[in-house]
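> Starting off with a structure, shown below.
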Amino acid sequence: MNQEIQPILEEGDNAPQGPRPMHSLAISGFIAAFFCGIVGLILSIKARGQINASDGALGGYGFTTAGIIVSIVSLIVNTLWLAAEIAAA
């Protein structure tokens, strides 16, 4: 009756390792998107490429998506504002 209990997942298997570390460049790109659209866009795109290349080792894909969207909206709003200022002058 003394049987050794075998673990369901061996050490070499794809056992869950917990949450993935958040890529700091993804967070930086998201924050920068609110202050300088072009910098936020560049950082977010660069972070997305690095996250994709990490084969799931890095997290933050959602932050890169949000950073890209906020950056594009910021650039559009700033361009329209600048065009309105030039037209009013």
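Quick note: the coordinates plus some simple rules give every number you see, no bench work behind them. Keep in mind it's a predicted model, so treat the numbers as computed, not measured. Virtual Cβ from ideal backbone geometry, glycine too; neighbours counted across all protein chains shown.
> Within 13 Å, Cβ to Cβ, of Gly67, how many net charges do the neighbouring residues add up to if Lys/Arg are +1 and Asp/Glu are -1?
Numbers: positive: Lys46, Arg48; negative: none.
Neighbour charge sum, excluding Gly67 itself: +2.
> Related question: Taking R0 as 22 Å, what FRET efficiency do you get between Lys46 and Val77 from their Cβ-Cβ distance, rounded to the nearest 0.05? List each step's numbers first, then the result.
On the way: r = 23 Å, r/R0 = 1.04.
Rounded to the nearest 0.05, the efficiency is 0.45.
> List, in order, the whole-Hz ³J(HN,Hα) value for each residue of the range 72-89 obtained from phi through the Karplus relation with A = 6.51, B = -1.76, C = 1.60 and θ = phi - 60°; use x for Gly and Pro.
Computed from phi, the couplings for the range 72-89 are 5, 4, 4, 5, 5, 5, 5, 5, 5, 5, 5, 5, 5, 5, 5, 5, 7, 7 Hz.
> Hey, can you grab everything whose amide H is under 5 Å from the amide H of Gly59? Only 5+ residues off in sequence or another chain; H modelled, so Pro and N-termini drop out.
Distant-sequence amide H within range of Gly59: Met22, His23.
> Once you have the Cα-Cα distance between Glu85 and Ile69, take 0.36 nm times their residue separation minus that, and quote the gain in nm to one decimal. Before the final figure, lay out each step's value.
Working: separation 16, 0.36 × 16 = 5.76 nm, distance 2.44 nm.
Net length gain for the segment: 3.3 nm.
> For the range 31-89, run through the chymotrypsin sites (Phe, Trp or Tyr not before Pro) and keep only the ones in DSSP coil with at most 11 other Cβ atoms within 10 Å of their Cβ.
The qualifying sites: there are none.
> Continuing with the same structure: Give, as a single signed number, the net charge of other residues whose beta carbon lies under 14 Å from the beta carbon of His23, with Lys and Arg counted +1 and Asp and Glu -1.
+2
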